[in-house]
Amino acid sequence: MAHPGFPPPLAAVLGRLPPYPGSMLFAAALNLVVRPHLPDDVKASLQGRTLRIAVTDARVAFDFTWRQGGFCALPRGAGTDLEIAAGAGDFVALARREEDPDTLFFSRRLVMSGDTELGLLVKNTLDAMDTPLPQSLRAALSHWLRRTTR
């Protein structure tokens, strides 16, 4: 199912916001949804690595790392070990498991740059999770996306 793109007027506003508060919220969400499912070996592999999730059509990016047992926001830095970029609708489709990351990658709707091994670790870890996002979070994301793309 194709998801609509992010509305350009809203993206223009979001693109002007300071990045750190958004990264704090994103790291908090990861700690709530993803952290409980991470195996110890993945936690060790993520230790101190810098990641960026860029929502291209919303003009926002979230920088974070794994440190002291959880995801922590980072200020926008000079570089990251791994950047994963896609449109908002494609990220929602991934979270809802409506789209496969490989399909999005090969259709160039999902772009990974940086450390390939780290990218595969992230992809395989997310693929191995038994369940997609909790129903309430999926519903909230879907509702938010429908409202913002009108």
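Every read-out reported here was derived from the displayed coordinates using simple, explicitly stated rules and does not represent laboratory data. A quick note: this is a predicted structure, and the numbers were derived from the prediction, not measured. Note: ideal-geometry Cβ built from the backbone for every residue, glycine included; neighbour counts use all protein chains shown.
Quick one: net charge of A85's neighbours, Cβ under 13 Å, K/R +1, D/E -1? Local charge sum for A85: 0. Each Cα pair under 8 Å and six or more residues apart adds its separation to the average, and for the range 1-98 the resulting relative contact order is 36 percent.
Test of understanding: ordering I84, I53 by Cβ neighbours within 10 Å, fewest first, what list do you get?
I53, I84
Share of pairwise Cα-Cα distances greater than 24 Å in the range 8-148 is 27 percent (whole percent).
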